[in-house]
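Chemist: To start, I am sharing the structure in question, which I have written as structure tokens.
The values are calculated or read from the model by the stated rules, or taken from the named source; none is laboratory data. Predicted, not measured: the structure shown is a model, and the values here were computed from it. In this analysis, Cβ positions are derived from the backbone assuming ideal geometry, glycine residues included, and neighbour counts consider all displayed protein chains. The area values use the complete protein model at the heavy-atom level, side chains included, leaving out ligands, DNA and RNA. Shrake-Rupley method; radii C 1.70, N 1.55, O 1.52, S 1.80 Å.
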Amino acid sequence: MSLINLYSKISLLPDDLKAEVGEYVDALLKRMNKKPGERKPMFGCAKGQITMSPDFDDPLDDFKDFM
């Protein structure tokens with residue numbers, strides 16, 4: 001459908017339906033701009049992927065002179 005045909009059809013609608021068409025177009029644009037598969041990370045989703053070594057809290061050898 002050409003842009004001119006679409007505009008002429010929308011211009012024939014009453015104002016309340018024009019507003020509804022505008023909302024629908026906004027929803028389509030939002031859906032189009034959203035990347036597929038994009039999700040927000042959830043709390044705890046990296047559980048088990050990050051570990052700390054058992055000697056994490058032990059003093060470092062480099063700082064023995066300062067202690």
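Chemist: Looking at region 26-33, is at least one residue open to solvent by 100 Å² or more (accessible area, probe 1.4 Å), without any contact (Cβ under 8 Å) to a residue 24 or more places away in the chain and either touching an Asp or Glu at 6+ places or on another chain (Cβ under 8 Å) or in a loop (DSSP other than H, G, I, E, B) (or both)? Break it down into steps so the answer makes sense when it comes.
Modeler: Taking region 26-33 first, the residues open to solvent by 100 Å² or more (accessible area, probe 1.4 Å) are 30-33.
Next, only the ones that are without any contact (Cβ under 8 Å) to a residue 24 or more places away in the chain stay: 30-33.
After this cut, where a residue has to be either touching an Asp or Glu at 6+ places or on another chain (Cβ under 8 Å) or in a loop (DSSP other than H, G, I, E, B) (or both) as well, the list is none.
No.
Chemist: Something else now. I'd like to verify a number: residues in region 8-22 that are assigned to a helix (DSSP H, G or I) and surrounded by 10 or more Cβ atoms within 10 Å (Cβ to Cβ), how many?
Modeler: Residues of region 8-22 assigned to a helix (DSSP H, G or I): 8-11, 15-22.
Still in the list and also surrounded by 10 or more Cβ atoms within 10 Å (Cβ to Cβ): 8-10, 17-22.
Qualifying residue count for the region: 9.
Chemist: Then there's this: Among the residues of region 37-61, which ones are within 25 Å of the chain's Cα centre (by Cα) and open to solvent by 100 Å² or more (accessible area, probe 1.4 Å)? Break it down into steps so the answer makes sense when it comes.
Modeler: First, the residues of region 37-61 that are within 25 Å of the chain's Cα centre (by Cα): 37-50.
Result: Glu38, Arg39, Lys40, Pro41, Met42, Phe43, Lys47, Gln49, Ile50.
Chemist: Could you check how many residues of region 34-67 are in a helix (DSSP H, G or I) and closer than 30 Å to Tyr7 by Cα?
Modeler: The first filter runs over region 34-67 and keeps only residues in a helix (DSSP H, G or I), leaving 61-66.
When the remaining residues are screened for being closer than 30 Å to Tyr7 by Cα, the result is none.
The total comes to 0.
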